[in-house]
Ligand SMILES: [Zn+2]
Ligand SMILES: [Zn+2]
């Protein structure tokens, strides 16, 4: 059933939006604009990015119905950042904070998640976001770059969870969009980063950053890595990651998939591995890295689609040969 509540517009304002309902992704031309709650502001969306999670949602992950989209840059319509470009943390706490909120908003027991869980997302002309979730974007960061702040923050979350040291050998399993961000973030901490992927043309991208690459089909390495990060977006990534991590090493799981795992967990016990789930991260840290040009993101953009054709953007993003597909909104 479609989310109610948020869809009662005060101004009677209608907008264009990309809606997922009963497994169908469709453009609505007359979608009521969201009505912000008292702790929220309306953000006019400039650009948004299609992410692997959007593709999984369309396949049934999280059972989500509503407006898709959680990677975006926009302009705040009101509140303390009114008129400024902003990016938003996607974890939305309720108006009344719970006990987890002050320390750990990402794990608020009453949270909704923009475009993923109980909260309409940003593939629309407007999105309602809690004001505390917003971070203003400095002038030196372009709209294109700012779209990547959310996934880049997720990459930085790994550094919040695992102390990567200069002597570590790190494997990034997966050569996609998130792998490109994660490899660069890890490479800031240690020179020995190897990306393992299936696509020689995607692996090419990493060489400009002096990051090592390894084609999966030629890969015979075993128990080599101190830290292995699975960002394949497929169920096969974790099994490989467990197999190539040294005893007492750490495996970071970034992949979220709609399907279930059938997997041999014995390497975790035999090799005393730590498996660490990793999700959203610090937006200001990601913005700062973009502002200092420490992370390159723009080469990931392979297509730009106007909002009225956003359904096509989802199709494109799932095709081989495409990396980040941007939806141009305002
Ligand atoms: Zn995402
Ligand atoms: Zn809370």
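Every number in this text was worked out from the coordinates using simple rules, so none of it is lab data. Because the structure is predicted, anything quoted here is derived from the model rather than measured. Neighbour counts run over all protein chains shown; Cβ positions are idealised from the backbone, glycine included.
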Can you tell which of 312, 208, 35 shows the greatest fluctuation in a Gaussian network model of the chain with Cα springs below 10 Å? 208
Residue-span extension gain [residue 29 to residue 288] - 0.36 nm each, minus C-alpha spacing: 89.6 nm
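Which shape class, rounded, prolate or oblate, goes with the range 151-277 when its Cα gyration tensor gives a ≥ b ≥ c as root eigenvalues, a/c under 1.5 marks rounded, and past that a/b bigger than b/c marks prolate? Walk me through the numbers before you get to the answer.
Numbers: a/c = 1.34, a/b = 1.20, b/c = 1.12.
It is rounded, given that a/c, with a ≥ b ≥ c, falls under 1.5.
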How far apart, in nm, are the 7 Å Cα→Cβ label points at residue 107 and residue 190? 2.5 nm
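Mind sorting 248, 16 by how few other Cβ atoms lie within 10 Å of their own Cβ, fewest first?
On the way: 248 10, 16 18.
The fewest-first ordering by Cβ neighbours comes to 248, 16.
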Distance between the C-alpha centers of the range 232-281 and the range 138-185? Whole Å please. 18 Å
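Based only on other Cβ atoms within 10 Å, what is the fewest-to-most ordering of 185, 297? Let's see the in-between values first.
Values: 185 27, 297 24.
With the sparsest Cβ surroundings first, the list reads 297, 185.
Averaged over all directions, how much area does the convex hull of the C-alpha atoms of the chain cover when projected, in nm²? Please list the in-between numbers first.
Details: hull surface 65.5 nm².
Spelled out: convex hull of the Cα atoms, projected over all directions, averaged, 16.4 nm².
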If you line up the long axis of helix 149-161 against the longest principal axis of the chain, both from Cα atoms, how many degrees apart are they, to the nearest 10? 40 degrees
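Once you have the Cα-Cα distance between residue 96 and residue 298, take 0.36 nm times their residue separation minus that, and quote the gain in nm to one decimal.
On the way: separation 202, 0.36 × 202 = 72.72 nm, distance 3.82 nm.
Result for the pair: 68.9 nm of gain on full extension.
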Listing 18, 242, 13, 55 from the residue with the fewest other Cβ atoms within 10 Å to the one with the most, what is the order? 13, 55, 242, 18
Report, to two decimal places, the Cα Rg of the range 222-308 normalised by 2.2 N^0.38 Å (N = number of residues). 1.39
Within the set 241, 293, 220, GNM on the chain using Cα springs under 10 Å gives the largest fluctuation to 220
Gaussian network model of the chain, Cα springs within a sub-10 Å range: biggest mean-square fluctuation belongs to which of 95, 288, 183? 95
What fraction of the DSSP beta bridges in the chain is antiparallel, stated in percent and rounded to the nearest 5? 55 percent
What are the equivalent ellipsoid semi-axes of the range 76-179, built from the alpha-carbon gyration tensor (square roots of five times its eigenvalues), in whole angstrom, biggest first? 27, 20, 14
